[in-house]
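Asks: Could you have a look at this structure, given as structure tokens, before my questions?
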Amino acid sequence: MNDIKNVTILGDGGWGTTLAILLSKKGVCVTLWSVSKKYAKYLEIHRTNPKFLKGIKIPRTIFITSDIKQALICADLVIIAVPSIYIRLVLRKIKGIADLRKKIFLSVVKGIEPKTLKRMSEVIEEELGQVHVTCLSGPTIAIEVAKNQPTTAVIAGKIEKDLILLQNLLSGPRFRLYRNTDLIGVELGGSLKNIIAIACGISDGLGFGTNAKAAIISRGLAEIKRLALALGAKAETFNGISGVGDLVTTCISKFSRNRFVGVQLAKGKTIKNILNSMQMVAEGVTTVKSAYELSLEKKIEMPITKEIYNVIYRKKSAHIAVDDLMLRRMKAE
């Protein structure tokens, strides 16, 4: 592929809508797909997304539809922006609609599929075959990008030509993209950091200070790297934007959904009630289960991940989880 004229974004969440706006302002022909016919109609008429991107106007130049065939047929680039638990269902909807080998697929989903423990690019290839697969990850709070605040991120994939094409397409004065061929590392960095953000939320909810948060972020990065390296990632990836950059943002931002989950857990709320109160998906809730299972499979020590898993899925007290982390066997850093 040498040029991208038509872009389809599958998913009307905050990040999908933000990318649609960003590309539309650059003169690209953009289609935004919503799974809900009713909500697609609302977006088309009102040109705002109150569920996921409140206060931001959607340009009239963006075509909005719930007809996935109509959305996909002419797309050169397909951006997948649905929660990880739904990605396989959406991919199965698009099989046979067009020659998918002629399109580039860009995943902006930060998660690991439950049960299969696969990264999003692996799920895409498993469902669609040998298509062009890339991912975008990094510290990208949607509302900040939508408000044209300076942001950096990473485009990752196996084909350098695709990465250069997407880098040039998406980059702008306030949105700077870097390239990285470590697709495994970039995807895992974007997924696993959500677990550590839940831990930071618990710390905040319990009233702990910056010492505790610094410990969680630094030791969290250490265990993220341990698992990622066992899965084939490169160590240097985690020193960059899609590693420590994304981790810090998600752990400290007031807009972080995963940090919010942690705060609510610390207050004694059940995970079911927390999730029912949220419009958007907190990927860390499912990712922690996948990561914990991977750590057991690969025999990787991930104490923070283990305790967050225990708090969410075994109803362990957050206070006891903190004590168990702090009183672990002494060791070298």
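Asks: At what distance in angstrom do the alpha carbon centres of segment 45-118 and segment 136-169 lie from each other?
Replies: 16 Å
Asks: I need the P(r) histogram for the chain: all alpha carbon pairs, bin width 20 Å from 0 out to the longest distance, whole percents.
Replies: Pairs per bin, as whole percents: 33, 57, 10, 0.
Asks: Got a sec to turn the phi values of segment 79-91 into Karplus ³J(HN,Hα) couplings, 6.51 cos²θ - 1.76 cosθ + 1.60 with θ = phi - 60°, whole Hz, x for Gly and Pro?
Replies: 9, 9, 9, 10, x, 4, 6, 10, 4, 5, 4, 5, 4
Asks: Quickly rank 81-90, 281-290 as a protection proxy: mean count of other C-beta atoms within 10 Å, highest first.
Replies: Output ranking for 81-90, 281-290: 281-290, 81-90.
Asks: Continuing with this model, one more query. So what's the back-of-envelope 222 nm ellipticity for the chain, counting only DSSP H runs of four-plus at -39500 (n - 2.57) apiece and dividing by all residues, rounded to 500?
Replies: -14500 deg cm²/dmol
Asks: Follow-up. Give the aspartates and glutamates reachable from K51 as a straight Cα distance under 20 Å; neighbours fewer than 8 places away on the same chain don't count.
Replies: D12, E144, E283
Asks: Taking the Cα centre as origin and putting +1 on Lys and Arg beta-carbons and -1 on Asp and Glu beta-carbons, what dipole magnitude results for segment 165-309, to the nearest 20 debye?
Replies: 320 debye
Asks: Moving on to the next point. Rg/Rh for segment 70-129: what does it come to with C-alpha atoms and Rh from Kirkwood? Working shown, then result.
Replies: Numbers: Rg = 11.1 Å, Rh = 11.8 Å.
Radius of gyration relative to Kirkwood radius: 0.94.
Asks: Return one quarter of the surface area of the convex hull spanned by the alpha-carbon atoms of segment 6-181, equal to its mean projected area, in nm². Walk me through the numbers before you get to the answer.
Replies: Working: hull surface 36.9 nm².
So the mean shadow area of the Cα hull is 9.2 nm².
Asks: With θ set to phi - 60° and the Karplus curve 6.51 cos²θ - 1.76 cosθ + 1.60, what are the ³J(HN,Hα) couplings of segment 282-287 in order, to the nearest whole Hz, using x for Gly and Pro?
Replies: Listing the rounded values in order: 9, 4, x, 5, 7, 5 Hz.
Asks: Please name whichever of G262, I274, A235 sits farthest to the positive end of the charge dipole of segment 191-326, dipole taken about the Cα centre and charges placed at Cβ: Lys and Arg +1, Asp and Glu -1.
Replies: I274
Asks: Give the long-range amide H neighbours of G111: residues separated by 5 or more places, or on another chain, with amide H under 5 Å away, using H modelled in the peptide plane at 1.01 Å from N.
Replies: Close amide H contacts, sequence-distant or interchain: M120.
Asks: Okay, moving on. Rank the residues D76, D182, D67, D246 as a footprinting-exposure proxy: fewest other Cβ atoms within 10 Å of their Cβ go first.
Replies: D67, D76, D182, D246
Asks: Provide C74, C29, C135, C200 in ascending order of the number of other Cβ atoms located within 10 Å of each residue's Cβ, fewest first.
Replies: C74, C29, C135, C200
Asks: Cα atoms only: what Rg and Dmax, in Å, come out for segment 138-265?
Replies: Cα-based Rg and Dmax for segment 138-265 come out at 15.2, 48 Å.
Asks: Find the relative contact order for the chain and round it to a whole percent, using C-alpha pairs within less than 8 Å whose residues are 6+ positions apart.
Replies: 15 percent
Asks: Debye sum, Cα scatterers, segment 191-326, no solvent: what log₁₀ I/I(0) at q = 0.09, 0.10, 0.22 1/Å?
Replies: For segment 191-326, the Cα-only Debye profile gives -0.22, -0.28, -1.42.
Asks: Now for a different question. For a footprinting-style exposure proxy, rank E307, E297 by other Cβ within 10 Å, fewest first.
Replies: E297, E307
Asks: Right, another one. Amide H neighbours of V35 under 5 Å, counting only residues 5+ apart in sequence or on other chains, H built in-plane at 1.01 Å?
Replies: D12
Values in this text are rule-based calculations from the coordinates and carry no lab data. Note that this is a predicted model, so its numbers are computed, not measured. Neighbour counts are summed over all protein chains in view; Cβ atoms, including those assigned to glycine, are modelled from backbone coordinates with ideal geometry.
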